[in-house]
1. Taking θ = phi - 60°, what integer Hz values does the Karplus form 6.51 cos²θ - 1.76 cosθ + 1.60 yield along region 263-271, in sequence order, with x for Gly and Pro?
2. Quick one: grab the alpha carbon gyration tensor of region 148-277, order the square roots of its eigenvalues as a ≥ b ≥ c, and give me rounded if a/c is under 1.5, else prolate or oblate depending on whether a/b is larger than b/c.
3. With the radius of gyration and the Kirkwood radius both derived from the Cα set of region 2-275, what is their ratio Rg to Rh?
4. Taking amide H positions as placed in the peptide plane 1.01 Å from N, state which residues far from Lys123 in sequence (5 or more) or on other chains have amide H under 5 Å from it.
5. Is the shape of region 1-94 rounded, prolate or oblate, going by the alpha carbon gyration tensor and its root eigenvalues a ≥ b ≥ c, with a/c under 1.5 for rounded and a/b larger than b/c for prolate?
6. What order do you get for Ile257, Ile139, Ile241, Ile12 when you list them from fewest to most C-beta neighbours inside 10 Å?
7. With charges set only on the Cβ (+1 for Lys and Arg, -1 for Asp and Glu), what does the dipole of region 129-194 come to about its Cα centre, in debye to the nearest 20?
8. In the structure shown, do any of Lys15/Lys117; Lys216/Lys263; Lys230/Lys263 have a Cα-Cα gap over 30 Å, and if so which?
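The numbers here are math on the coordinates, done by the rules we state, and not lab data. Quantities reported herein were computed from a predicted structural model and do not represent experimental measurements. Here the Cβ positions follow ideal geometry from the backbone for every residue, glycine too, while neighbour counts run over all protein chains shown.
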Amino acid sequence: MNSIGSIMYNYIRVKSVLSKSKLPDLDYALNPYIGCEHGCIYCYGPDMCRRYLEVALNWGSTVLIKSNLISVLRKDLKHAKRGTVGISTATDPYQPVEGRLGITREAINILLNHGFKVSIQSKSNTVTRDLDLMSEGNIDVGLTITTLNDALASIIEPKAPRPYLRAKAAYEISANGIELWIFLGPIIPLVNDDENNINEVVELAASVNAYVIYDKLNVKPLMLYNLRRKWTLKADLDEVIRLSSDRNYVRNLSITISNICRKHRVKCVPAFRSLVT
Ligand code: SF4
């Protein structure tokens, strides 16, 4: 186990790295890291990584690095039918450790060379380091922006790059002609669900020719454990949780987002059918 600053890193070896994805439009998922240094308080990663309890319970401060990912990926690709690979689906592929190790970059390069489509989702402006690969390959990029309010982001996404850096990255990606989407999620009741907040994010999407994928807060057990430990916002957490699964609330939220997107002529897609009104 190594530590840099307040983060503990450990290397693990894995038997397979390309897993079947249940997410819409993705055939496979690939996650170079288990755990995420960004430490967002609402992250559902802990529930997806629950077999690694030391990571799930110390979300944001413990990261496992798949040391043999590249060699195992080459092996997996010998048998995999071509399709779209989502990077990442459980943790951020461009969290700070990627800047030092470049595992995500190498994996993308291999996938593109084998004729796979790659779909990236990140909350980091480090993603622009790989614009050279993106410009040549069959690739789309999603940047998660839950708010453009810096103060709010620093509470709910404490160690992720600030929203203005992600907005800057969005402009760069768009200027390079790469398919770009903004992930507006999770939308947390009483926190980032006001029209102003949603409007600002959709406006940004319009200005970078991106489409919007949005999602509500989907509460899961370990996520809730972390939320209760880390909650410092004014909003009452129990009410936040109640609203997140209230049918009327979710329906109205979906209508609000659709109207705002229509106003800005931005295509918007709910992440899950449960959000369709
Ligand atoms: S960046 Fe994504 S994976 Fe990382 S902590 Fe935040 S929500 Fe979770």
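1. So the J values, rounded to whole Hz, are 4, 9, 6, 10, 5, 10, 10, x, 5.
2. oblate
3. Over the Cα atoms of region 2-275, Rg/Rh equals 0.95.
4. Tyr94, Thr144
5. oblate
6. Ile12, Ile241, Ile139, Ile257
7. Magnitude of the dipole: close to 260 debye.
8. Lys230/Lys263
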